[in-house]
Amino acid sequence: MIPIGIKKGKIGNYDILQNRPEKLSVHTVTLYLGERHQKEWEDYILSLNPERIIFNPGAENDSLFQKAIQKGILCLRACTLVMLASNHY
């Protein structure tokens, strides 16, 4: 897990990174960032070439969703926490 975000903080013992680390091997991007803040991150998210992107409630973005689908990335409108709790992650 590599937490990347627009605000400083921690998730568990992990510091939230505010930069955009390159050369990451990413399977899943789980978005909690609202659509209006996603634009500046869109190219970076797509450059990671994840296998899937989970658009959590409040992070829905049809434009990014379609761009990712066109790149062959599986996109889900779902809640990561519910997926984890129900063993559907």
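Here, each number is a calculation from the coordinates, and none is a lab measurement. Being a predicted model, the structure only gives us computed values, none of them experimental. Note that we place each Cβ from the backbone using ideal geometry, even for glycine, and neighbour counts take in every protein chain shown.
Remind me, relative contact order of segment 11-89 in percent, using alpha carbon pairs under 8 angstrom and six or more residues apart? About 28 percent, as a whole number. Grab the chain and count how many Lys pairs have their alpha-carbon atoms under 21 Å apart, sequence gap of 8 or more, or different chains. Lysine pairs, 8 or more places apart or on different chains, close enough: 7. Using only side-chain charges placed at the Cβ, +1 for Lys and Arg and -1 for Asp and Glu, the dipole size of the chain relative to its Cα centre rounds to 140 debye.
Most simply put, the chain has about 20% antiparallel DSSP beta bridges, counting only bridges with both residues inside it. Note on Asp43 and His88: the extension gain reaches 13.4 nm, defined as 0.36 nm multiplied by sequence separation minus the Cα-Cα distance.
Here is how the number arises for the chain: DSSP H runs of 4 or more residues each give -39500 (n - 2.57), the sum is divided by the residue count, and the result at 222 nm is -9000 deg cm²/dmol.
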